[in-house]
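The structure appears right after this line, and notes come after that.
The values are calculated or read from the model by the stated rules, or taken from the named source; none is laboratory data. Keep in mind that what you see is a predicted model, and the values were worked out from it rather than measured. Cβ sites come from the backbone with ideal geometry, for glycine too, and all protein chains shown count toward neighbours.
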Amino acid sequence: MFKKIMLAVFCMVAIVAASGCTAEKTDDTPVKDVDNEIEVTLPAEDDKKDKEDKIELNIKPLEETDEKTLSEAAASLGFENTKFFHAVANAIGKRPEEMTQADIDKVHYIAVGPDDESSYSVFIGYIDYVDLCFSENANDEDIMSQLNELVMMSELEYDAENDSLSDLGNFKNVEMFEIYNVNTPDVSFIKNYEILALGYFNNNGITDVSCLEGYAPETLSELDFTGNDIKDWSPLYPIKEKVIVYYDLTNGFLLDLESYLEQQENPVELPKQEETETAEKAENNDEFVILDENGNPADFSSLFD
């Protein structure tokens, strides 16, 4: 799958070929997750025999630019983070002052991820790359062989604690995005993606998705929030069949929101009302009382018969 390919790119080790970009992750082989008691599926054995191909990525170093010129160019196109704007222009191959709205509108794929602990990269793709990934005839070798030709890459100066990726919302024609291991708790920019098909987050410090309430483009196939601690998923209930709560690249474990919610519908059976009242009386008693497994005072009378 496409996500597997780009995740390995961000790790800067290798591109892991899996099952193409077409969002099919599983076969009909059921596997039960013991901890979560959820039926999941793993890839068939033939699909799990992934090939590893190492490629050299053409990530461009940032070119020097005048700060005043950079700031004015970024502001003219609605960008607040000048460093992010600089990286996008650099990836495309233009100086910041040469960038136009047409350049922004041509972006159909964008990704941000770390090269190592202190540096990041931005990845830009146009419609030809998206079409290749969505093509039924495309295979992983095709995608890998054309990666450097179809995806433009640049270094990104990014302060994980203080910088924001809200400017991602300026790319309104995005059909695919990926953000890995970059702090970006505010995901409201997604609402600008009206033709989004695939979106992947991974370890971004996301805890709140309330800003996405009502977001349900017809084009959406999958929205993945792996590695984020989200307590309230209710804003995404209308698209729950398209939302991934957790996905493990290594073994193919997949937990979608629909399955997650089904799991939550099996509450622990509560004690009967009279038993609860008895237990409360025992708790309020000044005397030491031993309770049985139902919360009632234990009966030891049989020991003295």
Would you tally the residues in region 170-206 being small (Gly, Ala, Ser) and surrounded by 16 or more Cβ atoms within 10 Å (Cβ to Cβ)?
2
Note down all Cβ pairs under 8 Å where the first residue falls in region 65-94 and is without any contact (Cβ under 8 Å) to a residue 60 or more places away in the chain, the second is surrounded by 18 or more Cβ atoms within 10 Å (Cβ to Cβ) and of a type in the set (Ser, Thr, Tyr), and they're at least six residues apart or on different chains.
67/82; 70/82; 71/82; 74/82
Pair list, Cβ < 6 Å and 6+ apart or interchain, from region 235-263 residues that are outside the structural domain of residue 197 (by TED's automatic domain parsing) to residues that are part of a helix (DSSP H, G or I)
none
With the requirement that a residue be of a type outside the set (Phe, Trp, Tyr) and surrounded by 21 or more Cβ atoms within 10 Å (Cβ to Cβ), what does region 74-109 give you?
74, 86, 87, 88, 89, 90, 91, 96, 107, 108
Take residue 145 and tell me if it is assigned by TED's automatic domain parsing to the domain that holds residue 95, more than 28 Å from residue 264 (Cβ to Cβ), in contact with a helix residue (DSSP H, G or I) (Cβ under 7 Å, 6 or more places away or on another chain) and of a type in the set (Gly, Ala, Ser).
no
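Restricting attention to region 207-230, and to residues there that are touching a strand residue (DSSP E or B) at 6+ places or on another chain (Cβ under 7 Å) and more than 19 Å from residue 169 (Cβ to Cβ), which single residue is surrounded by the most Cβ atoms within 10 Å (Cβ to Cβ)? Full working, then the answer.
First, pick out the residues of region 207-230 that are touching a strand residue (DSSP E or B) at 6+ places or on another chain (Cβ under 7 Å): 221-228.
Cutting the leftovers down to more than 19 Å from residue 169 (Cβ to Cβ) gives us 221-222, 226-227.
Values: 221: 15, 222: 22, 226: 20, 227: 15.
For region 207-230, the residue satisfying everything is 222.
With the structure loaded, tell me whether residue 253 is modelled with pLDDT of 80 or more, within 19 Å of the chain's Cα centre (by Cα) and more than 27 Å from residue 174 (Cβ to Cβ) or whether it fails that test.
Against the criterion (modelled with pLDDT of 80 or more, within 19 Å of the chain's Cα centre (by Cα) and more than 27 Å from residue 174 (Cβ to Cβ)), residue 253 qualifies.
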